[in-house]
Amino acid sequence: MAVHIRLARHGAKKTPFYRIVVTDQRSPRDGRFIERLGTFNPASDAFACDRERLEYWRSKGAQPSATLESLLKKHRAEPEAAAAS
């Protein structure tokens, strides 16, 4: 079973809200998932992710999607910058 970490779309029409989920590669985008790791709201750019569980799944071989990888890079630097000030 190939496991991926990706975004599952929720919310109303034209107001998307995404959940970060660990899922089998063969499952549909909004279908069955193994574990929910966090959320992303593009309207307010709010990003929340359980980093500990994310690293756990990566250590087990789960591959993040390209979109999620770019979001992680973008939001990874923000908590460190806020803590420094």
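The values are calculated or read from the model by the stated rules, or taken from the named source; none is laboratory data. A quick note: this is a predicted structure, and the numbers were derived from the prediction, not measured. All Cβ positions, even for glycine, are placed from backbone atoms using ideal geometry, and neighbour counts span all protein chains on display.
Overview of results
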quantity: Whichever residue in the stretch 27-42 is out of contact with any Phe, Trp or Tyr (no Cβ under 8 Å at 6 or more places or on another chain) and not in a strand (DSSP E or B) and, among such residues, is farthest from residue 15 (Cα to Cα); calculated: 34
quantity: All positions within the stretch 1-26 that are in a loop (DSSP other than H, G, I, E, B) and either among the polar types (S, T, N, Q) or under 15 Å from residue 67 (Cα atoms) (or both); calculated: 25
quantity: Total residues in the stretch 49-63, condition surrounded by fewer than 12 Cβ atoms within 10 Å (Cβ to Cβ) and either in contact with a strand residue (DSSP E or B) (Cβ under 9 Å, 6 or more places away or on another chain) or hydroxyl-bearing (Ser, Thr, Tyr) (or both); calculated: 3
quantity: Any hit, the stretch 30-46, residues being touching a Pro at 6+ places or on another chain (Cβ under 6 Å) and at pLDDT 90 or above; calculated: no
